[in-house]
Amino acid sequence: MKRLIPAVVLATLIGMFFVGSFVGALHSPEPHDVPVAVVAPPQAAAQMGKKLAGKFEITAYADEAAARAALADREVDAVVLPQQQKLVVASAASRSASTVITSVFTHAAPLTVEDAHPLPPGDQGGIAGMFFVIGLVIPGIAIGVAAAKERPLPGIGAVVLAGVTVGLANAWLGDVVFGALPGAFLGLAGISAVIVITLGLVVSGLVRLIGTPGVALAGLLFVLIGVPASGGPLGARFIPEWYAAVGHVLPVGQGSVAIRNVVFFDGAALGLPLLVLAGWAVVGLTLTLSAASQVRRASFAR
């Protein structure tokens, strides 16, 4: 029994970390600097911005078309049209965010609400995206562990192949079967493949370099921290700012953004997500090649 005490302590600590990470990030959503467009003179927008300072970042737009284009391009999360007494939101970006925005602005003035980018019938709760990404993270970690047992080139090839097959299979489920992420099958499959490949390369490199602890480190980064730091169904602007900042540089958060933007916003604002994913993929390749180089040097030394 005494030999099991360390395992019991470890299990308890893991459970506490898991709950602390997820619940700590998501339990009390508060907006911070949520970008909102207002079709009004700059002075009126500035006055509104002062009242909502810290929670919403108000930007004046000259006309409705420009403001709606900003919403479609993911530059803002909502549009206020004072003359029409209308609020335009995009629940596809985040149902929870749209709900909070609607509550704040309709409380301040009698506005009708238009959802310009609604969630599909297959995901009215707005949570499918988060679980879809988790369905990419786990295979990415698994193929990375398996690939680390092979020579570098076959291992990298296995990661790429797994990324393509997982991306296609999960996109088929998310789009065709369940209709939760519909209308952009190839884009969804492509981004999904990139996420799996990125994570697989990083995990493979970590395991090659430091062994089994690399799996634990990957789980910590990409599951226990990465998923809640992405903001989950809330979005990064509704979790603690320091946690959101961590999520911005991790592949899980940016992968979530890329999936949402491809499916619901015609591929808008993909530059930063793809840059972050590419950076992590390069890290993974570097770790793999570094570990292979160490093995070669060790064999020559013998």
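The values are calculated or read from the model by the stated rules, or taken from the named source; none is laboratory data. The model shown is predicted, which means the values in this text are computed figures rather than measured ones. We place every Cβ from the backbone using ideal geometry, glycine too, and count neighbours over all the protein chains shown. SASA here: full protein model, heavy atoms, side chains in, ligands and nucleic acids out. Shrake-Rupley method; radii C 1.70, N 1.55, O 1.52, S 1.80 Å.
Of all residues in region 159-216 being open to solvent by 10 Å² or more (accessible area, probe 1.4 Å) and hydroxyl-bearing (Ser, Thr, Tyr), which is farthest from GLY126 (Cα to Cα)?
THR212
Just name the residue that is most open to solvent (accessible area, probe 1.4 Å) out of those in region 249-286 that are touching a residue at least 40 places away in the same chain (Cβ under 8 Å) and polar (S, T, N, Q).
Filtering region 249-286 for residues that are touching a residue at least 40 places away in the same chain (Cβ under 8 Å) and polar (S, T, N, Q), the one most open to solvent (accessible area, probe 1.4 Å) comes out as THR286.
Select from region 217-228 the residues that are of a type in the set (Gly, Ala, Ser) and open to solvent by 10 Å² or more (accessible area, probe 1.4 Å) and list them in ascending order.
Of the residues in region 217-228, the ones of a type in the set (Gly, Ala, Ser) are 218-219, 226.
Answer for region 217-228, where residues must be of a type in the set (Gly, Ala, Ser) and open to solvent by 10 Å² or more (accessible area, probe 1.4 Å): just GLY219.
With the checklist (1) of a type outside the set (A, V, I, L, M, F, W, C); (2) within 19 Å of the chain's Cα centre (by Cα); (3) open to solvent by less than 70 Å² (accessible area, probe 1.4 Å); (4) at pLDDT 95 or above in hand, flag the one item GLU75 doesn't pass.
Failed condition: (3).
Does VAL104 satisfy being surrounded by fewer than 21 Cβ atoms within 10 Å (Cβ to Cβ) and under 20 Å from GLY279 (Cα atoms)? Write out each step before concluding.
On the way: surrounded by fewer than 21 Cβ atoms within 10 Å (Cβ to Cβ): yes; under 20 Å from GLY279 (Cα atoms): no.
Judged against the criteria, VAL104 is not a match.
Looking at region 26-43 only, could you name the residues that are at pLDDT below 85 and part of a helix (DSSP H, G or I)?
First pass over region 26-43, keeping only residues at pLDDT below 85: 26-29.
If the condition is that a residue be at pLDDT below 85 and part of a helix (DSSP H, G or I), then LEU26 is the only one that fits.
All but one of (1) more than 29 Å from GLY157 (Cβ to Cβ); (2) surrounded by fewer than 19 Cβ atoms within 10 Å (Cβ to Cβ); (3) in contact with a Ser or Thr (Cβ under 8 Å, 6 or more places away or on another chain); (4) of a type outside the set (Asp, Glu) hold for GLY231, so report the exception by its number.
Going through the list (1) more than 29 Å from GLY157 (Cβ to Cβ); (2) surrounded by fewer than 19 Cβ atoms within 10 Å (Cβ to Cβ); (3) in contact with a Ser or Thr (Cβ under 8 Å, 6 or more places away or on another chain); (4) of a type outside the set (Asp, Glu), GLY231 breaks only (2).
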